[in-house]
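K.L.:
First the structure, which I've put down as C-alpha cells, then a few questions once you've had a look.
The values are calculated or read from the model by the stated rules, or taken from the named source; none is laboratory data. In this text, all values refer to a predicted model and were calculated from it rather than measured experimentally. Note that each Cβ is placed from the backbone with ideal geometry, even for glycine, and that neighbours are counted across all protein chains shown. Side chains included, ligands, DNA and RNA excluded: accessible areas come from the protein's heavy atoms. Shrake-Rupley method; radii C 1.70, N 1.55, O 1.52, S 1.80 Å.
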Amino acid sequence: MADDIEGPYEYPFEEAPEDLVQFSDGAIEGRPAGVPSSYDQGGSTRWTPEAISEVHALAQLGRYQVRGYNSFNKQLPTWDDLTFVPATMTRLPLEGYREKCDTKTVLGGGRGLVENPIELDIPIYIASMSFGALSASAKEALGHGASKVGSMTCTGEGGMLEEERAASNRLVYQMSPARYGLDLDHLRRADGLELVVGQGAKPGTGGLLLGMKVSERVSKMRTLPEGVDQRSTIRHPDWLGADDLAVKIEELRIATNYKVPIFIKMGATRPRYDVAVAAKAGADVVVVDGAEGGTGASPELLLNHTGIPCMSAIPAAREALDECGMSGKVTLVAAGGIRTGTDVAKALALGADAVMIGNGAMMALGCNSPRYYDDYAALGTSPGACHHCHTGMCPVGVATQDPELEKRMNVPAGAERVARLLTAMTMEVTALAKACGKSSVHNLEPEDLRALSFEASAFTGVKMAGIDRPFDWGTERKG
Amino acid sequence: MSDVVIDVGKRPVREVHEEIQAAAQAGKSITVTNTLSRHNLGVGLPAGCSIRFEGSVGYYCGGLNNGAIIDIERNAGWGCGEAMASGHITVGGYAGMSVGAAMLGGTIHVKGDSGPRAGVAMKGGNIIVEGKIGYQSGFMAHGGKIIALGGAGPSCADALWEGEVWVTGDIEDLGVDAVVTEPTAEQVAEVDAILDPLGLKDTSRDWRRIVAGQRLWYFESRDAKAWLMI
Ligand SMILES: Cc1cc2nc3c(=O)[nH]c(=O)nc-3n(C[C@H](O)[C@H](O)[C@H](O)COP(=O)(O)O)c2cc1C
Ligand code: SF4
C-alpha cells in the first residue's frame with residue numbers, strides 16, 4: 001500500500017531533493033517521468049490515428065465513406081501465407097523448361113446439360129466489371145486482351161456493351177438484381193449467363209455507381225436519370241429462395257435453348273452452405289468472390305468488415321461440392337485478391353477449377369501506373385496508392401466516364417498488356433505445377449502447399465510448414 | 001380458332017417449349033392445354049406468335065417475351081412477363097408476385113389482383129391491373145406505368161426512379177419517397193389512351209399519380225470533390 005511507503009526505514013544519507021528525483025538533470029521540462037514514446041505517439045491499440053480520423057470523417061460528413069479498389073482490413077491473410085512444396089524425393093517433378101503442362105479449362109460442362117460449355121485456354125479470366133464502373137475503352141481492351149490468349153470477360157451489371165461483345169470471343173452476361181438493360185437478344189448473344197447474388201467487396205448489398213459516372217451513355221443503358229447516384233437492389237426481383245432460383249435457372253436455359261452455362265456469383269460469407277445451395281439449384285458454375293475482391297465503389301465499412309478471405313472460402317466451397325456429389329458437375333471459380341500466377345496456382349491447389357481477376361486486370365490496363373502525377377495529386381493520392389475509382393476522375397482513363405480522361409486508356413496497348421499479363425500469369429502457374437510434378441494445372445492439390453502461419457493453416461486446412469500437420473481444433477465440425 | 005393445340009400435362013417443359021417455338025416460327029396460332037400451373041411456359045416467344053394458355057400457369061409465363069400476344073385464361077404465378085421487351089400479355093385471373101418485373105416494353109393486363117412487387121425494376125411498358133396491386137408494387141421502377149383500378153396494398157410505389165404508379169381506389173400506404181401528384185388532363189388522357197383498347201376507359205375516375213420524390217436519387221453530393229475524403 002502506497003500509504004505504507006513512509007516506513008520506518010531511514011537512508012544512511014541525506015534524502016534527494018525533489019527536482020533530482022524528477023530527473024531535473026535533463027528531462028523534458030513540465031513532463032512527468034514516464035515512457036517518452038507514449039507522449040509522442042500515444043499507445044491505444046484501438047484509437048489509432050486511422051481510427052481517430054475515421055471518427056472525424058464520420059463526424060464531419062454525417063454519412064459513411066464510399067470508395068473503390070479493395071479491402072484495407074489489415075487482418076486479412078495474404079496468399080504469401082502459403083508456399084509450395086515441389087517434388088523432391090517422394091514425387092517426381094516435370095521439366096519446367098520443356099515438358100508440357102495442360103492449362104485448358106472448361107466452365108459449365110460438368111452436368112452435360114448445355115450445348116456449349118465455355119472452353120478457355122487458360123485457367124484465368126477477367127471478372128465482371130461493369131461498363132459504368134470502367135470506361136468503354138477499358139472494357140474493349142479487356143475483351144481483346146482476353147480473346148488473344150483464349151480467355152474471357154464478363155459484362156458486369158451495366159448491360160452488354162457492344163464494343164466488349166465485339167472484342168471478346170467469350171463473354172458472360174451478368175444479370176444483377178437491378179437487371180439493367182436486360183433483354184432476350186443480349187442473353188442469346190452471350191456465351192454464358194451469370195446471376196449475381198453478391199460480391200466479395202460488399203456481400204449483402206447491391207451495386208453502387210455515383211452520379212459522376214452516370215453519364216448519358218451509362219444512364220441510357222441502365223434506364224436511369226443522368227447523374228443520379230445509382231444504388232442498386234440486392235434482392236432479385238422475381239425469385240427469393242433456392243427453390244425459385246431453380247425455376248429461374250430453367251427459364252434462362254429455355255430462353256437460351258440450353259446452349260450456354262449458367263453461373264451464380266456470390267460474395268464469400270458462408271460458402272460451405274451457400275455453394276451447396278447454388279449447386280443444388282442447378283448452377284453450372286459457382287463463382288465465389290472473397291472479401292479481398294475489388295470494386296468500383298462500395299461503402300468503406302462493407303469493404304473492410306464483411307466477408308471471409310478467398311483462401312478460406314475455396315476449401316469450404318470444395319468441401320460443399322464434394323459433400324453433395326457436385327464436384328466435377330459444377331465448376332468452382334474463385335476470386336478475390338489474386339495478383340499473380342503464384343496466387344492463381346495456390347487457389348487452384350486449394351480446390352478452385354478456375355480463377356478470375358478484377359483489380360489485377362485493371363492494373364495491366366494502367367491503374368496506379370506512375371504517370372499523370374498531377375492528376376493523382378488532385379485526387380489527394382499518388383501512383384501505387386490510388387483507390388479513387390468511385391470519383392470517376394481516374395487519372396489513367398480506366399475507371400472514368402470523362403471523355404478526356406478516357407483518351408489516356410489506349411485500347412491496343414491496354415489489350416496487349418492484358419494479354420501479356422494473362423500469359424505471364426499462366427506461365428507462372430505451369431512453372432509451379434511442373435515443379436510439383438503435375439502435367440495439368442488442374443492436378444495441383446492441397447498437398448502441394450504448406451502454410452507459413454497458423455492462421456493460413458486454420459483457414460485452409462493446409463498443413464503447417466515443417467510440422468506437416470494442419471492446425472487442428474481437436475473437434476469434429478458440427479452441422 | 002387456333003391452328004395448333006399443344007398439351008402440357010406432365011411432359012418435360014423443354015419439350016413443350018420446343019413445340020411452342022416451332023409452331024410460333026411457323027406463324028401458327030397456338031392453344032396450350034392441360035397447363036397444370038407448370039412453370040416456364042411460353043418463355044422468350046417471338047413477335048407474330050399468338051398463344052393461349054388454358055387454365056393457370058406457374059412462374060415466369062411469358063418471361064423475356066419478345067413480341068408475342070399471350071393470353072392466360074386463369075391465374076399466373078410469379079414473374080409473369082418478366083423482362084418482356086414487347087408484346088401483350090393478358091392474365092384472366094390473378095397474377096402472383098413480381099408481374100412484369102424488369103420489363104422493358106409492351107403491355108401486361110391483369111383482370112384480377114396482382115401480388116406483391118408488381119412492376120418491380122421495370123424499365124418501360126405498361127402494367128394494368130383491374131383489381132388491387134400487392135405491397136411494394138412499383139418498387140424501384142425505372143420507367144413505364146403501373147395502372148391499378150382497384151387500389152393498392154402497403155408500401156405502394158416504394159423508391160421509384162422514373163416509373164409511375166397510377167391508382168384509383170384505396171392505397172393502404174405509400175412507400176419510401178413516394179409522392180402523390182394530381183395528374184394533368186394531358187397525363188390522364190395518356191392513361192385513358194392505354195386503357196381504351198382494353199375496354200377499360202372511364203373518364204369519371206379519381207386518379208392518384210405517384211412519382212418519385214427524388215430524395216433517394218442522390219446519396220449525398222453530385223460533386224466529385226466531396227468524395228475525395230479518403
Ligand atoms: C471496377 C470494378 C467493377 C466491378 N463491377 C462488378 C459488377 O458490375 N458486378 C459484379 O458482380 N462484380 C463487380 N466487380 C467485382 C469483380 O467482378 C470481382 O469479383 C473482383 O474484382 C475480384 O477481385 P479482385 O479485384 O481482387 O481480382 C467489380 C470490380 C471492380 C474492380
Ligand atoms: S488509377 Fe484509376 S482505376 Fe486505378 S485506383 Fe485510381 S481511379 Fe481506380
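K.L.:
Within region A:363-372, is even one residue within 14 Å of ligand 1 (Cβ to nearest atom), of a type in the set (D, E, K, R) and open to solvent by 20 Å² or more (accessible area, probe 1.4 Å)?
P.N.:
no
K.L.:
Another one. Has region B:14-34 got any residue that is away from every other protein chain (no Cβ under 14 Å), buried (at least 22 other Cβ atoms within 10 Å of the Cβ) and not aliphatic (A, V, I, L, M)?
P.N.:
No, region B:14-34 contains no residue that is away from every other protein chain (no Cβ under 14 Å), buried (at least 22 other Cβ atoms within 10 Å of the Cβ) and not aliphatic (A, V, I, L, M).
K.L.:
State yes or no: is residue A:217 buried (at least 24 other Cβ atoms within 10 Å of the Cβ) and part of a helix (DSSP H, G or I)?
P.N.:
Here the answer is no, as residue A:217 does not meet what is asked.
K.L.:
Before we move on, is residue A:138 away from chain B (no Cβ under 14 Å) and within 16 Å of ligand 2 (Cβ to nearest atom)?
P.N.:
yes
K.L.:
When you look at residue A:185, is it away from ligand 2 (no atom under 16 Å from the Cβ) and either over 24 Å from the mean Cα position of the chain (by Cα) or over 19 Å from residue A:254 (Cα atoms) (or both), yes or no?
P.N.:
In short, yes.
K.L.:
Could you look through region B:125-141, keep only residues that are of a type outside the set (Phe, Trp, Tyr) and open to solvent by 10 Å² or more (accessible area, probe 1.4 Å), and pick out the one that is farthest from residue B:205 (Cα to Cα)?
P.N.:
Within region B:125-141, the match that is farthest from residue B:205 (Cα to Cα) is B:140.
K.L.:
Sticking with this one: With the requirement that a residue be surrounded by fewer than 20 Cβ atoms within 10 Å (Cβ to Cβ) and within 16 Å of ligand 1 (Cβ to nearest atom), what does region A:399-412 give you?
P.N.:
Once the filter is applied, which keeps residues that are surrounded by fewer than 20 Cβ atoms within 10 Å (Cβ to Cβ) and within 16 Å of ligand 1 (Cβ to nearest atom), region A:399-412 yields A:402, A:406.
K.L.:
Right, something else. So for region A:206-213 (the condition being under 18 Å from residue A:161 (Cα atoms), more than 13 Å from ligand 1 (Cβ to nearest atom) and out of contact with any strand residue (DSSP E or B) (no Cβ under 7 Å at 6 or more places or on another chain)), does at least one residue qualify?
P.N.:
no
K.L.:
Return the residues of region A:370-391 that are of a type in the set (Ser, Thr, Tyr), without any contact (Cβ under 8 Å) to a residue 40 or more places away in the chain and either over 15 Å from residue A:408 (Cβ atoms) or within 11 Å of chain B (Cβ to nearest Cβ) (or both); say none if nothing qualifies.
P.N.:
A:381, A:382
K.L.:
Identify, please: which residue in region A:234-278 is assigned to a helix (DSSP H, G or I) and crowded, with 24+ Cβ neighbours inside 10 Å and is, among those, farthest from the other protein chains (Cβ to nearest Cβ)?
P.N.:
Filtering region A:234-278 for residues that are assigned to a helix (DSSP H, G or I) and crowded, with 24+ Cβ neighbours inside 10 Å, the one farthest from the other protein chains (Cβ to nearest Cβ) comes out as A:271.
K.L.:
Any residue in region A:146-160 that is open to solvent by 10 Å² or more (accessible area, probe 1.4 Å) sitting within a Cβ distance under 7 Å of a residue that is within 16 Å of ligand 2 (Cβ to nearest atom)? List the pairs, counting only those 6 or more apart or interchain.
P.N.:
A:157/A:130
K.L.:
Taking region A:246-260, which residues are under 22 Å from residue A:118 (Cα atoms) and touching a Phe, Trp or Tyr at 6+ places or on another chain (Cβ under 7 Å)?
P.N.:
A:248, A:251
K.L.:
Something else about it: Let me spell it out: the conditions are (1) within 14 Å of another protein chain (Cβ to nearest Cβ); (2) surrounded by fewer than 24 Cβ atoms within 10 Å (Cβ to Cβ); (3) closer than 24 Å to residue B:59 by Cα; (4) out of contact with any Ser or Thr (no Cβ under 8 Å at 6 or more places or on another chain), and residue B:115 meets all of them except one. Which number is the exception?
P.N.:
For residue B:115, the failing item is (4).
K.L.:
From the list A:429, A:396, pick out the single residue that is near ligand 2 (Cβ under 9 Å from one of its atoms), surrounded by 17 or more Cβ atoms within 10 Å (Cβ to Cβ) and closer than 26 Å to residue A:201 by Cβ.
P.N.:
Going through A:429, A:396 in turn, just one is near ligand 2 (Cβ under 9 Å from one of its atoms), surrounded by 17 or more Cβ atoms within 10 Å (Cβ to Cβ) and closer than 26 Å to residue A:201 by Cβ: A:396.
K.L.:
Okay, moving on. Look at residue B:110 and say whether it is modelled with pLDDT of 95 or more, buried (at least 24 other Cβ atoms within 10 Å of the Cβ) and within 12 Å of chain A (Cβ to nearest Cβ).
P.N.:
Against the criterion (modelled with pLDDT of 95 or more, buried (at least 24 other Cβ atoms within 10 Å of the Cβ) and within 12 Å of chain A (Cβ to nearest Cβ)), residue B:110 does not qualify.
K.L.:
Let me ask another. Among the residues of region A:226-238, is any polar (S, T, N, Q) and at pLDDT 95 or above?
P.N.:
No: zero hits.
K.L.:
Also, I was wondering about something else. Within region A:115-132, is there a residue that is surrounded by fewer than 24 Cβ atoms within 10 Å (Cβ to Cβ), within 14 Å of chain B (Cβ to nearest Cβ) and either away from ligand 2 (no atom under 16 Å from the Cβ) or of a type in the set (Phe, Trp, Tyr) (or both)?
P.N.:
yes
K.L.:
Please tell me if residue A:189 is open to solvent by 20 Å² or more (accessible area, probe 1.4 Å), in contact (Cβ under 8 Å) with a residue 24 or more places away in the chain, within 14 Å of another protein chain (Cβ to nearest Cβ) and basic (Lys, Arg).
P.N.:
Against the criterion (open to solvent by 20 Å² or more (accessible area, probe 1.4 Å), in contact (Cβ under 8 Å) with a residue 24 or more places away in the chain, within 14 Å of another protein chain (Cβ to nearest Cβ) and basic (Lys, Arg)), residue A:189 qualifies.
K.L.:
Right, next: Tell me which residues, restricted to region A:288-327, are over 15 Å from residue A:66 (Cβ atoms), open to solvent by 10 Å² or more (accessible area, probe 1.4 Å) and aliphatic (A, V, I, L, M).
P.N.:
A:308, A:316, A:326 - these are the residues of region A:288-327 that are over 15 Å from residue A:66 (Cβ atoms), open to solvent by 10 Å² or more (accessible area, probe 1.4 Å) and aliphatic (A, V, I, L, M).
K.L.:
Can you tell me which residue is nearest to residue A:362 (Cα to Cα) among those in region A:141-167 that are within 15 Å of ligand 1 (Cβ to nearest atom) and either of a type in the set (Val, Ile, Thr) or within 14 Å of chain B (Cβ to nearest Cβ) (or both)?
P.N.:
That would be A:153.
K.L.:
From the list A:355, A:330, A:344, pick out the single residue that is open to solvent by less than 10 Å² (accessible area, probe 1.4 Å), away from every other protein chain (no Cβ under 14 Å) and more than 15 Å from ligand 1 (Cβ to nearest atom).
P.N.:
A:330
K.L.:
Output the residues belonging to region B:62-80 that are within 10 Å of chain A (Cβ to nearest Cβ) and open to solvent by less than 10 Å² (accessible area, probe 1.4 Å).
P.N.:
Within region B:62-80, B:63, B:64, B:65, B:79, B:80 meet the criteria.
K.L.:
Could you please tell me which pairs satisfy a Cβ distance under 6 Å, a separation of 6+ or placement on different chains, a first residue in region A:255-279 that is under 17 Å from residue A:176 (Cα atoms), and a second residue that is of a type in the set (D, E, K, R) and part of a helix (DSSP H, G or I)?
P.N.:
Sorted first by the residue in region A:255-279, then by its partner, the pairs are A:266/A:274.
K.L.:
Give B:11, B:38, B:52 a once-over and let me know the one that is within 13 Å of another protein chain (Cβ to nearest Cβ), open to solvent by 50 Å² or more (accessible area, probe 1.4 Å), on the phi < 0 side of the Ramachandran plot and not acidic (Asp, Glu).
P.N.:
B:38
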